[in-house]
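Here's the structure, in structure tokens; my notes come after.
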Amino acid sequence: MLRLHFENWIKKDGNISERTESLIDESILCYRAQAYKAAYLFSFLSFQNIIRERILLADAPVGYEEKYWRTIQENLRNDDKWEPVVMECIDKQKPGSIFKLSDQMKHQYFYWKDRRNDCAHAKDNQISSSHVESFWLFFESNIAKFGVGGGKEALIEKLKMFFDLTFTPISENPEELIKEIPRTVKTEDYKELLEKIYAMTKGSDYKTSRIEFWHQLFILEGDFRDKLIEFLKLKKGLCTDILVEDSSKVIYFGGDKQFVRSLWYEMKNTYLTYKVVFGLLRNKLIPSEQIYELVKTVTKNNNDSLFHSVSESELQVLDESGFFKEFQKFAFTEMAITDFDWARENRHIIGHLISRHGFNEDIVTAINTVFYRQNTPWKLGDKIGELLENNPALKNQYLEISRKIGGVIPDRFLD
């Protein structure tokens, strides 16, 4: 059976509790059975329950003493009292507004409350499918505005406090704050909120902890995650920082081939680029016909110091993806190692390649050619010398191939 639009929305983007979902399911069931009064009643109860849960999770608003606020929350836990208490909370003005709603929004809410009474008390007013559907539109359009302390604007103030070290320690976990977003922000307003978060975190001296906040935004699913992905595509620097910290998140960008290509094609002058490359290769997001171009691009623009302590699983990714195969071609067949700077910045990759696959005639020929010159890439030479010294089998293989091809072995590798 096809889902209704409201059903799709509430299940995908509503961030609802099991209790609310149960009420929604009852409403949908009644609607399909054309029991519209029951459908409306359960729909309104689900709306009420969301507001109830928000009050129960919230701190006391401005002007409310803790004792008084706890009394309100206690009444909301009472099955015999909770619904009229919700209505009172929406209308409260003293000691302050719990929900900063416009008079027009309150008027709309109480209109729908009266339709609830029509259903519950069997009044003469007719309730048809159009009433239920209209309320669902009200529900979808406005539930985000019913946030304790003022919805989106109150959340923005909380975010400002969170990112201000005067009020919040750098180690504070943002998870609970992030969970408030679907309760207070409509999906169509999410990009605006992301822009504000970006402005709050941009240029922070505490980059790692701020990046952690962006990481946790991925816990929001559905349209919220989709909009986050689209936003990050426009903030390439931030996106790169996120992927450096957790390269597994590249999978969320896999549907945009042009963006994926730009990730490795444009990043320069940092060894951390390779963390993103590992993620792209591990998730098979780089077409095989582009691996050679990837090798040429990233090895020219980035140093490989990350490979000083790279893991075996990451080296296996380079093997299985064809990266090492294309690297060997570029480095030794096309003689990229004749470039002094390139040879220095890629010495660790070369070391891992030789350690895993040994020498062949192309590699030996290239090494002998480069190191028989007067000016040689001495850091690469040190790396190769270290390999030969620590692995007698490799050294014998190198010497044997050199003799076979009639190569002149540089003195530094004969010791």
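The values are calculated or read from the model by the stated rules, or taken from the named source; none is laboratory data. Predicted model, so just to flag it, every value in this text is computed and none were measured. Note that each Cβ is placed from the backbone with ideal geometry, even for glycine, and that neighbours are counted across all protein chains shown.
When 10, 55, 24 are screened for being of a type in the set (A, V, I, L, M) and either surrounded by fewer than 20 Cβ atoms within 10 Å (Cβ to Cβ) or over 18 Å from residue 140 (Cβ atoms) (or both), only 55 passes. Within this structure, residue 343 fails the test of being over 36 Å from the mean Cα position of the chain (by Cα) and free of Cβ contacts under 8 Å to residues at least 60 places away in the same chain. Residue pairs whose Cβ atoms lie under 7 Å apart, separated by 6 or more positions or on different chains, with the first residue in segment 173-188 and surrounded by fewer than 14 Cβ atoms within 10 Å (Cβ to Cβ) and the second assigned to a helix (DSSP H, G or I), are 175/216.
I'd like to know if segment 345-355 contains one or more residues that are β-branched (Val, Ile, Thr) and surrounded by fewer than 19 Cβ atoms within 10 Å (Cβ to Cβ).
No, there is no match, as no residue in segment 345-355 is β-branched (Val, Ile, Thr) and surrounded by fewer than 19 Cβ atoms within 10 Å (Cβ to Cβ).
Being of a type in the set (D, E, K, R) and in a helix (DSSP H, G or I): is that true of residue 195 here? Yes, satisfied.
Where helices (runs of 4 or more DSSP H) fall entirely within segment 262-336, those with at least 1 residues that are of a type in the set (Lys, Arg) are at 273-282, 291-301, 323-328. Taken over segment 152-172, the criterion of being part of a helix (DSSP H, G or I), out of contact with any helix residue (DSSP H, G or I) (no Cβ under 8 Å at 6 or more places or on another chain) and in contact (Cβ under 8 Å) with a residue 40 or more places away in the chain is satisfied by 153 alone. The set of residues in segment 157-202 that are of a type in the set (A, V, I, L, M) and under 19 Å from the mean Cα position of the chain (by Cα) comprises 159, 177, 178, 181, 185, 193, 194, 197, 199, 200. Consider segment 258-284 and keep the residues that are farther than 19 Å from residue 323 by Cα and either in contact with a Gly (Cβ under 7 Å, 6 or more places away or on another chain) or in contact (Cβ under 8 Å) with a residue 24 or more places away in the chain (or both). The one that is surrounded by the fewest Cβ atoms within 10 Å (Cβ to Cβ) is 269. Of the residues making up segment 373-415, just one is among the aliphatic types (A, V, I, L, M), loosely packed, with under 12 Cβ neighbours inside 10 Å and under 50 Å from the mean Cα position of the chain (by Cα), namely 393. At least 1 residues being farther than 26 Å from residue 305 by Cβ and either outside the structural domain of residue 306 (by TED's automatic domain parsing) or modelled with pLDDT of 95 or more (or both) is the threshold, and among the helices (runs of 4 or more DSSP H) wholly inside segment 338-415 those reaching it are 361-371, 392-405.
For first residues located in segment 94-106 and closer than 18 Å to residue 155 by Cα, partners that are among the small types (Gly, Ala, Ser) and not in a loop (DSSP other than H, G, I, E, B) and lie 6+ apart or on another chain with Cβ distances below 9 Å form the pairs 100/154. Kindly indicate whether any position in segment 69-76 is at pLDDT below 90 and within 19 Å of residue 143 (Cβ to Cβ). Within segment 69-76 (the criterion being at pLDDT below 90 and within 19 Å of residue 143 (Cβ to Cβ)), the answer is no, since none of the residues qualifies. Out of curiosity, is residue 302 assigned by TED's automatic domain parsing to the domain that holds residue 379, polar (S, T, N, Q) and under 19 Å from residue 394 (Cβ atoms)? Answer is no for this residue. When the residues of segment 241-257 are filtered to those that are crowded, with 19+ Cβ neighbours inside 10 Å and β-branched (Val, Ile, Thr), which remaining residue is farthest from residue 198 (Cα to Cα)? Here the answer is 250.
Here is a yes/no grid of residues against (1) of a type in the set (S, T, N, Q); (2) over 30 Å from residue 297 (Cα atoms):
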| site | (1), (2) |
| --- | --- |
| 170 | no, yes |
| 245 | no, no |
| 258 | yes, no |
| 262 | yes, no |
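Of all residues in segment 30-74 being part of a helix (DSSP H, G or I) and of a type in the set (Phe, Trp, Tyr), which is farthest from residue 10 (Cα to Cα)? Break it down stepwise before answering.
Going residue by residue through segment 30-74, those that are part of a helix (DSSP H, G or I) are 30-32, 36-57, 66-74.
Within this subset, residues satisfying the condition of being of a type in the set (Phe, Trp, Tyr) are 31, 36, 40, 42, 44, 47, 68-69.
Details: 31: 15, 36: 19, 40: 15, 42: 14, 44: 14, 47: 11, 68: 32, 69: 29 Å.
Per the criteria, the residue is 68.
If we scan segment 226-238, do we find a residue that is outside any helix (DSSP H, G or I), at pLDDT 90 or above, under 22 Å from residue 276 (Cβ atoms) and of a type outside the set (Val, Ile, Thr)? Yes, some residue in segment 226-238 is outside any helix (DSSP H, G or I), at pLDDT 90 or above, under 22 Å from residue 276 (Cβ atoms) and of a type outside the set (Val, Ile, Thr).
Of the residues making up segment 49-70, just one is basic (Lys, Arg) and in contact (Cβ under 8 Å) with a residue 40 or more places away in the chain, namely 54.
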